[in-house]
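Undergrad: This structure is in C-alpha cells; I'll ask about it shortly.
The values are calculated or read from the model by the stated rules, or taken from the named source; none is laboratory data. Model, not experiment: these values are computed from the prediction. Quick reminder, even Gly has a Cβ in these numbers, built from the backbone with ideal geometry, and neighbours come from all protein chains shown.
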Amino acid sequence: MGKNMKYLLANAFVLIVFLILSNNQLHVHAFSEQVIQRGATGDDVIELQARLQYNGYYHGKIDGVYGWNTYWAVRKFQNNFGLKEVDGLVGPETKRKLINTTKYYKSFVHEQIRKGRDFTHYGGVPLKIQTAPSEELRAKWRKQTEKNLAKNVPPKKQQAGQAGQGQKQAAPKQQAAQNKQQTGKSVQPMAVNMPGGFSQNDLNLLANAVYGEARGEPYIGQVAVAAVILNRLNSPTFPNTIAGVIFEPGAFTAVSDGQIYLTPNETARKAVMDAINGWDPTEEALYYFNPDTATSPWIWTRPQIKKIGKHIFCE
C-alpha cells in the first residue's frame, strides 16, 4: 500500500472517530430521557424554552419553569410540525423534532441565566446582540396565552361537588415526591416532572377512578372528576396521597362496586392529564353526586357550585 493511501486512510479514521465523538457529545447535551410537562423545572426546561424560542414559538423568559407560556408554545410546535400527539408533553418524538429543527447554545444560555440577564435565543440573531423580548412582544404573548386558556377552560360561574363524607376545602398542600419509593433508589433528574411528585401509579389510579366513575359523562365531566380528586389531595381534611383519597372508605362508588378495576381508555387518561395541567371545571369542588341516584341526605347539604353532565359539584 502506497504512502499516500496510508495517509488518506489514517485521516479518514481520525475523521470518523471525530464524528462519532461529536455526535455523542451532541447527544449528551440534548435533553435527558424524561418526559417534560407543565410544572417541570430545571435544565431540560431551559433547553426546551431556548429551542422553542430559537424558531419563534416561545417568546417568554428562559427561566427553566414549564408554565402556561411554554405549554402553549409546545402545543403550537407539535401541531405545526404534524406530530401525532398535540398535548404539551415533551417526549422522544417532540424532542427529536426540536433537536432536528433548532440549535441550542447551552453555554451562552446558562451564562446569561447565571449573570441574571434578560436575553433571547432567536435563530439568526447573533448571540452578542440577543436581548430581552420587548414589552410589546411580552404583552402580545400574554394575550395569546389568555386566549388559549379561555378556549380550553370554560369561564368560571356559580356552582359544583361528589358523593362521600365531607369537610370544607382549605389551603393547598404539597404532595411529597414518590420517585424514591417507586424505584428504591435516589434519582437526580434533569427536570422535576409530574407536578406535585405524582408517580406513574398515581396516574394509573386516577385514570381508573375517572373511568370507573365517569366514563359515560361528557369529556369535561371526566376532567371534573379527576379535578375533584386532586382538590381533595390539596385539602388538609383528606388523605395526602392519590391512593389514600381514592380508597378512602365510602368516598367513591367505583371503589365500592369494583369498577375501579376496569381498564381505563385513552379518554380517561387524557382527562387526568388535563386536570393535572391545571384545568378544573369544578371551580375547586371537593364533592360531586348524581341527583338521580344519590341516597345520602348529607350530600344535599353541601353548597353546590355547578352541574356538569349528570353530576352536581359541591364545596
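Undergrad: Name the residue that is nearest to the chain's Cα centre (by Cα), counting only residues in region 47-70 that are outside any helix (DSSP H, G or I) and charged (D, E, K, R).
TA: Here is the first cut: in region 47-70, the ones outside any helix (DSSP H, G or I) are 55-67.
Restricting the remaining residues to those that are charged (D, E, K, R) gives 61, 63.
Values: LYS61: 18, ASP63: 17 Å.
Filtering first and then ranking leaves ASP63.
Undergrad: Taking region 104-120, which residues are part of a loop (DSSP other than H, G, I, E, B) and modelled with pLDDT of 90 or more?
TA: Going through region 104-120, the residues part of a loop (DSSP other than H, G, I, E, B) turn out to be 104-105, 115-120.
Within region 104-120, TYR104, TYR105 meet the criteria.
Undergrad: Within region 240-260, work out how many residues are in a helix (DSSP H, G or I), free of Cβ contacts under 8 Å to residues at least 24 places away in the same chain and not aliphatic (A, V, I, L, M).
TA: 2
Undergrad: Here's something else I'd like to know. Taking the stated definitions as given, is ASP43 of a type in the set (Asp, Glu), farther than 18 Å from LYS270 by Cα, surrounded by fewer than 18 Cβ atoms within 10 Å (Cβ to Cβ) and touching a residue at least 60 places away in the same chain (Cβ under 8 Å)? If you could, list the steps in order and put the result at the bottom.
TA: Details: of a type in the set (Asp, Glu): yes; farther than 18 Å from LYS270 by Cα: yes; surrounded by fewer than 18 Cβ atoms within 10 Å (Cβ to Cβ): yes; touching a residue at least 60 places away in the same chain (Cβ under 8 Å): yes.
So ASP43 passes the test.
Undergrad: Please state which of the following conditions PRO239 fails to meet, knowing it meets all the rest: (1) modelled with pLDDT under 90; (2) under 16 Å from HIS311 (Cα atoms); (3) surrounded by 15 or more Cβ atoms within 10 Å (Cβ to Cβ).
TA: (2)
Undergrad: Moving on. Test of understanding: among THR263, THR237, which residue is of a type in the set (S, T, N, Q), in a loop (DSSP other than H, G, I, E, B) and farther than 26 Å from VAL35 by Cα?
TA: Values: THR263 fails: farther than 26 Å from VAL35 by Cα.
Of THR263, THR237, the one residue that is of a type in the set (S, T, N, Q), in a loop (DSSP other than H, G, I, E, B) and farther than 26 Å from VAL35 by Cα is THR237.
Undergrad: For ALA30, work out the one condition from (1) part of a helix (DSSP H, G or I); (2) at pLDDT below 85 it doesn't fulfil.
TA: (1)
Undergrad: Using beta carbons and a limit of 6 Å, which pairs, at least six apart or on different chains, have the first residue in region 71-86 and within 18 Å of MET273 (Cα to Cα) and in the same structural domain as GLU47 (by TED's automatic domain parsing) and the second one part of a helix (DSSP H, G or I) and of a type in the set (A, V, I, L, M)?
TA: Short answer, once both residue conditions are applied: ALA73/LEU52.
Undergrad: Which residue pairs have Cβ atoms closer than 9 Å, lie 6 or more positions apart in sequence or on different chains, and pair a first residue in region 97-126 that is under 14 Å from LYS61 (Cβ atoms) with a second residue that is surrounded by fewer than 18 Cβ atoms within 10 Å (Cβ to Cβ) and acidic (Asp, Glu)?
TA: GLN112/ASP118; ILE113/ASP63; ARG117/GLU111
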